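Shown next, in structure tokens, is the structure this report addresses.
The values are calculated or read from the model by the stated rules, or taken from the named source; none is laboratory data. Since the structure is predicted, the reported quantities are computational estimates derived from the model, not experimental observations. Because the Cβ atoms are built from the backbone with ideal geometry, glycine has one as well, and the counts that use them run over all protein chains shown. Heavy atoms of the whole protein, side chains included, go into the accessibility calculation; ligands, DNA and RNA do not. Shrake-Rupley method; radii C 1.70, N 1.55, O 1.52, S 1.80 Å.
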Amino acid sequence: MDNTSTIFDESKWLSFKKNIKKNVGDSAFNNWLKHLNYVSVEETTITFSVPTKFLRDWIVNNYSDKIKSEAKNHINNKVDTIKFVVKPSGGRIVPGTTRTIKSNDNHWKSTMDLRSNQSSIYPNEFGAPLDPRFTFENFVVGKPNELAFAASQRVSEANKITFNPLFLCGGVGLGKTHLMHAIGWKIKQQQPERKVIYLSAEKFMYQFVRALRYKDTSAFKEQFRSIDVLMIDDVQFISGKDNTQEEFFHTFNALIEQNKQIVISADKTPTDLDGVQERLKSRLGCGLVADIHPTTYELRLGILIEKAQKRGVEIPPKVLEFLSHRIISNVREMEGALNRLVAHATLVGTSITVETAQLVLQDLLKSSNKKITIEEIQKKVAEHFNIRITDMHSPRRSRSVARPRQIAMYLAKSITSRSLPEIGRKFGGRDHTTVMHAVKKIEELKLSDVNFNEDLELLKRLIDS
Ligand code: ADP
Ligand code: MG
């Protein structure tokens, strides 16, 4: 074959691609063929790689003729076999993904490496990897997420399906993805024979649309046959895509009938999903809907303590309390704040204090800034001292409520622009001299008691900064 085989070098490859581009047009080239790469020429066989199976199939089905004729032009006329393998960018060739097109008397036939249909390689390729940080051990449980946590644990422990699907819903950054990955890890650990697939709804839809395009939804469903637990994250993204919803519905039903455990997450409850057909909504909601509620102060504090411990950094409790009070939107943001604080302290070499937190996290804190009312001060102070908010107005004089009330009056005076009589009225119609007395008392305590002063500063920052 020496006389017929030609070295296929860089410049030939470039001109090969250029010709293909001319032949199919810029947009088709950019969409489909840009990522086609040359692997090798051996005798009469040329091998190309593409980053995904989808691209491989698309190219084989739509462009193999053009590639074939260019191969003949650029290498030699004897080329009779073209192979396509899947090689993710930056990765290695995925075993079992070869598609071969072969010429027999001018008739080109496409064959698929049989191994590519084996289910054993499918789950990895089909699903997304699990994040090792997202385990049950790393998940802090509190009132807002205890149901979702318990249900997730149940799903990962039992072989028997008790509710299907498990529908986890809650706002952004409240731990839905964390719980799903935790289910995945737990099963991998304890029942490795059970196959688990986790993927985003977007990826699921993408695979699904692709199956529809090939009119091959049965093959799509087939993929799930060897799977025991299917987890689809963020299903709110399937809203609106009408024709696919119908098929999705049937696939979903089929899976449930085959006793596959399904876990779904979304940012809303099934009934609140916009642009999703009623039938699908009610199907999604027919198992257990576990709401993850917005975090409470206690949960945020618990999470921060856990995260700080994990990172092995010492953070003063006052700072953790401050962060849990002030960053309330979601856990992800709170984690980000903690990371920033630790990074800052390490880089600049300062210790972590409430002051540095205020400085470093200015932008995050600002977003929650608003005009402060006396009611808010009363509420925060009551929370802080664990007394009832009604004690702010009550005539009770016991020290345990009188002192916090005085603190609230003092803060009202120093933070808001209200007059003494106005403040007095808000505290159960007290006289302005009572307020004045409170302010004086607190100022004295500030000077004489360091701990008290610190506590007060903290409260103040929690409320006003
Ligand atoms: P969602 O998927 O609901 O938007 P994630 O699961 O991605 O939220 O959570 C965002 C971040 O917050 C992750 O880093 C996660 O580990 C963390 N997180 C959320 N809730 C908790 C919790 N209860 N305990 C520990 N970490 C949590
Ligand atoms: Mg998520």
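One table, with the values for the structure above:
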| item | result |
| --- | --- |
| By accessible area with a 1.4 Å probe, ligands and nucleic acids excluded, highest first: order of Glu454, Glu306 | Glu454, Glu306 |
| The chain - percent of accessible surface contributed by carbon and sulfur, probe 1.4 Å | 50 |
| Tensor-based shape of segment 297-360 (alpha-carbon gyration tensor, a/c under 1.5 rounded, otherwise prolate or oblate) | prolate |
| Cα centroid separation, segment 375-403 to segment 322-342 (Å) | 27 |
| Length added when fully stretched, Asp26-Asn76, from 0.36 nm per residue minus Cα-Cα | 15.4 nm |
| FRET efficiency, Lys18 to Arg92 (Cβ-Cβ, R0 35 Å, nearest 0.05) | 0.80 |
| Contact order relative to length of segment 374-464, as percent, for alpha carbon pairs under 8 angstrom and 6 or more apart | 27 |
| Antiparallel DSSP beta bridges within the chain, as percent of all bridges there, nearest 5 | 40 |
| By average C-beta atoms within 10 angstrom, highest first, the peptides 333-340, 176-183, 19-26 | 176-183, 333-340, 19-26 |
| P(r), alpha carbons of the chain - 20 Å bins starting at zero, rounded % | 19, 35, 29, 13, 4, 0 |
| Segment 116-251: relative contact order as a whole-number percent, Cα under 8 Å and 6+ apart | 28 |
| Residues of the chain: accessible area per residue with a 1.4 Å probe, Å² | 51 |
| Trypsin sites (Lys or Arg not before Pro) within segment 201-240: DSSP coil, no more than 16 neighbouring Cβ in 10 Å | Lys215, Arg225 |
| Amide hydrogen neighbours beyond the local backbone of Asp291, cut-off 5 Å, H modeled | Cys169 |
| Cα convex hull of segment 143-292, projected area averaged across orientations, nm² | 8.1 |
| Under the span-like rule (Cα at least 24 Å along the axis, Kyte-Doolittle mean at least 0.0), DSSP H helices of the chain | 331-348 |
| Computed lengthening from Leu447 to Val172, 0.36 nm per intervening residue step minus Cα-Cα distance | 94.6 nm |
| Pairs beyond 28 Å (Cα-Cα), from Lys307/Lys380; Lys66/Lys87; Lys186/Lys318; Lys188/Lys260 | Lys186/Lys318 |
| Whether segment 374-464 is rounded, prolate or oblate, judged on the alpha carbon gyration tensor where a/c under 1.5 counts as rounded | rounded |
| Amide H contacts of Ser49 (H built 1.01 Å from N, under 5 Å, at least 5 apart or other chain) | Asn37, Tyr38, Val39, Val85 |
| Segment 10-112: relative contact order in percent, alpha carbon pairs under 8 Å with at least 6 residues between | 23 |
